[in-house]
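Notes follow once the structure below has been shown.
A short reminder: the numbers here are calculations on the coordinates, not readings from a lab. Since the structure is predicted, the reported quantities are computational estimates derived from the model, not experimental observations. Cβ sites come from the backbone with ideal geometry, for glycine too, and all protein chains shown count toward neighbours.
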């Protein structure tokens, strides 16, 4: 049989091909077919086929699943995207969160609270046993000096007989005042002198911290809503639809990864 | 006209959780903003997921444009249809899931018909419609087709969000597109031809 092409010329052409086309055609052929049609020696056939193996497929649904944690059966994205025609307000969201983090079932409560504490990046020690008897408050009245206010969300638990507090000021685009942060910090320090306290500003984007005094900025750490949402979903949770539907609504309310209010 | 079923398009149509995830990722294709990630592995996932989102973004736009082309290009070829490119950036096609061509009726230089293919992926449907546009007054008008005429052609007259009459097809199921893409394209072509004939004569 007459050679169709000089082996080296063909090899140069394969090498010069900068794309998936020719290589994927070669990849689809068996080694014997490559050998037969192009009369390549085995070494070159293997080289061509191995080259094809290194091509990363562009479409990779598993990458999307891994990022969002879609493998969890109760993921928010598996819940219906309800259209209520209204936007949830800050107090409604923190109120719902406090309610959902502390269901009657202690095991569920422990899993949810630990998931939440970890997802928000809180480094305070917590075990499932601590979380089972933890307390979760929304809109907790606070006073310091003559100032009055409400802490949006507060979780507290005991670890090794030491009180741990996660205090959260939740924002959706509204201005953050230095007075509020000073008040909440002063209130908690007065009331719980021995507690370890993690102060968090939970907001869409970090610009909310721009007007916060430097001294307060070192005490309160910023966490983006999308970061909390993503980690909470990646960790997975139980099959209670109240939680997954709420998380789906929350995704819409925080406008996904956009880190700004919906127009 | 060939409308391709790609892996990305299939997943986007069939899986609502995958669709929600892609919808969340596409705005981040500008790569200007990071998301809060806890590890290098997660950042790899984010980078890989963005690549998939870009593929789905491409495939969906290609699908909408091909659906419009399959529906109207043959029937309107004699009219020299135009693309309103200024109002159809790729991000607008993605966000609205629609693409249209503009055709000037022979008897008028001031009016144009907009022939649109639009999909609703959460409802799993695609439909065609024709609207009448007044270029001088920069406003839409009622399409001058009666309900009887529309029904006789297997179409319907419906009101848009501003209460203006437009001529519309039934809503075709995207699941049919996934199982029989060639039949789906043929249905679009047939429907588009009937719709075009009724508005352009």
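To one decimal place, what Kirkwood hydrodynamic radius in Å is obtained for region B:114-201 from all pairs of distinct Cα atoms?
Working: mean 1/r = 0.0731 Å⁻¹.
In region B:114-201 this quantity evaluates to 13.7 Å.
Please compute the length gained on full extension between residue A:135 and residue A:104, using 0.36 nm multiplied by the number of residues separating them and subtracting their Cα-Cα distance. Show your work: numbers first, answer last.
Working: separation 31, 0.36 × 31 = 11.16 nm, distance 1.20 nm.
Gain on stretching residue A:135 to residue A:104: 10.0 nm.
Using equal-weight Cα scatterers in the Debye expression, the normalised intensity of chain B in log10 at q = 0.17, 0.19 Å⁻¹ is -1.12, -1.32. Rg and Dmax of region B:5-56, both derived from C-alpha coordinates alone, stand at 11.6, 36 Å.
Roughly how large, in nm² to one decimal, is the mean projection of the convex hull of the alpha-carbon atoms in region B:15-96? Provide the component values of the computation, followed by the final result.
Values: hull surface 27.7 nm².
Taking the Cα atoms of region B:15-96, their convex hull projects to 6.9 nm² on average.
The mean sequence distance of close C-alpha pairs (under 8 Å, at least 6 residues apart), as a share of the length of region A:120-263, puts its relative contact order at 20 percent. Across q = 0.10 Å⁻¹, region B:71-177 modelled as identical point scatterers on its alpha-carbon atoms has Debye log10 I(q)/I(0) values of -0.30, in the order of the q list. Using helices alone, I'd like the mean residue ellipticity at 222 nm for the protein assembly as shown: each DSSP H run of four-plus residues gives -39500 (n - 2.57), total over residue count, nearest 500. The per-residue figure over the protein assembly as shown is -14000 deg cm²/dmol. If R0 is 22 Å, what FRET efficiency do you get for residue B:2 and residue B:106 from their C-beta distance, rounded to 0.05? After rounding to 0.05, the efficiency reads 0.15.
Suppose R0 equals 30 Å; then what is the FRET efficiency for residue B:33 and residue A:219 from their Cβ-Cβ distance, rounded to the nearest 0.05? My answer for the efficiency is 0.70. In region B:84-201, Cα pairs under 8 Å separated by at least six residues give a relative contact order of 20 percent. The orientation-averaged projection of the convex hull spanning the C-alpha atoms of region A:115-170 amounts to 4.4 square nanometres. Legend: calculated FRET efficiency, residue A:128 to residue B:41, from the Cβ-Cβ distance at R0 = 30 Å, rounded to 0.05, equals 0.75.
Residues B:45, A:152, A:240, arranged from fewest to most other Cβ atoms within 10 angstrom of their Cβ, appear as A:240, B:45, A:152. Working note: Debye formula, equal point scatterers on the alpha-carbon atoms of the protein assembly as shown, no solvent; log10 I(q)/I(0) at q = 0.06 Å⁻¹ is -0.42.
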